[in-house]
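The block underneath contains the structure these notes are about, expressed in structure tokens.
The values are calculated or read from the model by the stated rules, or taken from the named source; none is laboratory data. Model, not experiment: these values are computed from the prediction. Glycine gets a Cβ as well: all are built from the backbone with ideal geometry, and neighbour counts include every protein chain shown.
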Amino acid sequence: MWYYFSMTDKDILNKYTNTKNQPMLLPYIDDIKFLLDNNASQQSILEFLQKEKKLTLCKSTISVFIKNHINKEPFVPEEKEPTEKKEVPKKLKDSVFED
């Protein structure tokens, strides 16, 4: 038996199919990166997504998403160029009476 769906029905069905192809948090990746760059904790990111974006999820979901999709590069200080050794003039005597 063939069913003919209207366009809205197809959209509704697509919503529930292939849910594993795209992570749920991918649309919010820029917000999450911004919060991480400003030293936000995973708990505060969770609260932000729940209150501001109206998402219901757990802390482990955020943790896995960050681990898999956001490169948190470790801080590597820039190497300083070696400075040339300059000859330091010999200390002049402060007084004529010192040896």
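Overview of results
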{"item": "Selection status of Asp30, modelled with pLDDT of 85 or more, on the phi < 0 side of the Ramachandran plot and loosely packed, with under 10 Cβ neighbours inside 10 Å", "result": "yes"}
{"item": "Qualifying residue in region 58-75 (condition: part of a loop (DSSP other than H, G, I, E, B) and modelled with pLDDT of 90 or more)", "result": "yes"}
{"item": "Residues of region 10-43 satisfying the condition of being free of Cβ contacts under 8 Å to residues at least 12 places away in the same chain, part of a helix (DSSP H, G or I) and either closer than 17 Å to Ile70 by Cα or in contact with a Phe, Trp or Tyr (Cβ under 6 Å, 6 or more places away or on another chain) (or both)", "result": "Pro27, Asp30, Phe34, Asp37"}
{"item": "Residues (under 14 Å from Leu26 (Cβ atoms) and over 13 Å from the mean Cα position of the chain (by Cα)) located in region 44-68", "result": "Leu49, Lys53, Leu55, Leu57, Thr61"}
{"item": "Positions within region 37-50 being farther than 15 Å from Thr61 by Cα and surrounded by 10 or more Cβ atoms within 10 Å (Cβ to Cβ), in sequence order", "result": "Asp37, Ala40"}
